[in-house]
Amino acid sequence: RNRCQSLDLSGNTRNCFLTGNTDSHRNLIGKGLRCLLHVPHTSGQEVYRNANHGSRRFFSQSSQALGEKIPSLMISSVGQPPCHFAAWNIQINRSFHTSPSLQAAPVPLFWIIVKPAQKLFAIILGRSIRNWWKSLPPNKRELFKESARKNKWKILLGVSSLGVVFIMFYFTHLEETPITGRARLLVFGKEHFRELSQMEYDMWMEQFKNQMLPETDARYQVVERVVGHLSESNKDIPQVSALKWVIHVVDEPGVNAFVLPNGQVFVFTGLLEAVSDIHQLSFILGHEIAHAVLEHAAEKASLVHFLDFLSLIFLTMIWAICPRDSLAVVGQWIQSKLQEFVFDRPYSRTLEAEADKVGLQFAAKACVDVRASSVFWQQMELAEAMQGQPKVPEWLSTHPSHENRAEHLERLIPEALKIRESCNCPSLSGPDPRLIFRLNMQHLLESSKGRAPPNSTKQDPSKPKLDLPHT
């Protein structure tokens, strides 16, 4: 297969990208939702063979004729009916490369420790200014006010100079995001997160040490082969080939997956049961890999650090101006919530949308059926609706809503199909999974009229349960 060159998409810590009760997803999916789409796959799809079972894994490559029938991989879990994933029909040669080891100081860890001390210092300083002002006799207060009025231009110049310093700091620390070219603030480099990522990795390994699936488990092998295929297909991107991707599959019902900045991939078995086919799984893992490749962890930490430093000035002013501690506490809470909902959460949603876009590009270059990406989020939207879960407004979440996520992917799919075609991928045969979804949803709605509601336990589990129709 011809290698597709790196494509530049203009524009646009773990990441738990699903909201709602994961147990409810599992209950619904276990009855048939996850096996919803059995769309015929192209004859050029690929199957992977693992050639080495060590912790550092390498793969051998041998081409097989297109159209050769390969038995499908079966992903099953204890107590759940097996779900058959379509096999892919090419074995991959893969050699993972790692960046040279750097002895970098854990700068983010230092700021995590210092952050509470900064806020405490701002509170003490503001409270001291307030108490000092109250202790001044009236005549001295008037003298101080008069002095401030006489030197107002000097004070204004000093404040303006401080603002210029912050602006210069911001623009001198702007960098381009890999692949997308988006300008972003980056105070902490990726190397600063190596030690911090290792600490987080050790924490997760300790927490899930009794739940890790062995490398011989079919579910582990499928995840490993999907990640390997994605990394091999995108190895022309330096940020992808520079990382060594290590797989960890956790026997946990939560619908979740995340990738640490150092390439450690964690996938929960609940996610494997939530996807309908290997194409959806490939897109989701491509999304998580995109977070690591785009260095979103370092970017988010940089922005938070910059905003926190600015907020110290306002925090000092709040505790200096408010006449009582109780009012200062309320003012501090309002300030923190404004920062969270005006800056932090919208920025996090922007990063998620960017990871969706780049993850879809990764999947397209791996010859995945990218049309299945939007169907997954429609399925998750339906799962929550059928369980009667309240719909959380998007502005309250760090992630886009399922509906908006599906719509965003729908707009990106035509571009992804062009990328897929430029990589000389086999043409997509069979019906569009989005059409299959809508037709099955229509059939489900029609068959449910005059009978038990969709969330009734008496409903025939053999009937496919699909997402809300997407228009």
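Per residue, the average separation of C-alpha pairs within less than 8 Å and at least 6 apart gives the stretch 190-275 a relative contact order of 28 percent.
Summary value for the stretch 185-448: 18 percent relative contact order, contacts being C-alpha pairs under 8 angstrom separated by 6+ residues. For the stretch 185-448, the solvent-accessible area works out to 36 Å² per residue, with a probe of 1.4 Å and every protein chain left in place.
Cross-linked pairs Lys115/Lys300; Lys119/Lys209; Lys244/Lys365: Cα-Cα separations exceed 25 Å for Lys119/Lys209. Ranked by the mean number of other Cβ atoms within 10 Å of their residues, highest first, the peptides 240-249, 430-439 come out as 240-249, 430-439. Between Met199, Met212, Ser231, the Cα set farthest toward the positive side of the dipole of the stretch 185-236 (charges on each charged residue's Cβ, about the Cα centre) is that of Ser231.
Across q = 0.07, 0.11, 0.13 Å⁻¹, the stretch 185-448 modelled as identical point scatterers on its alpha-carbon atoms has Debye log10 I(q)/I(0) values of -0.31, -0.72, -0.96, in the order of the q list.
The values are calculated or read from the model by the stated rules, or taken from the named source; none is laboratory data. Here the structure is a predicted model, which is why all the values come from computation and not from measurement. Neighbour counts are summed over all protein chains in view; Cβ atoms, including those assigned to glycine, are modelled from backbone coordinates with ideal geometry. Just so you know, the surface numbers come from the protein's heavy atoms only, side chains and all, with ligands and any DNA or RNA stripped out. Shrake-Rupley method; radii C 1.70, N 1.55, O 1.52, S 1.80 Å.
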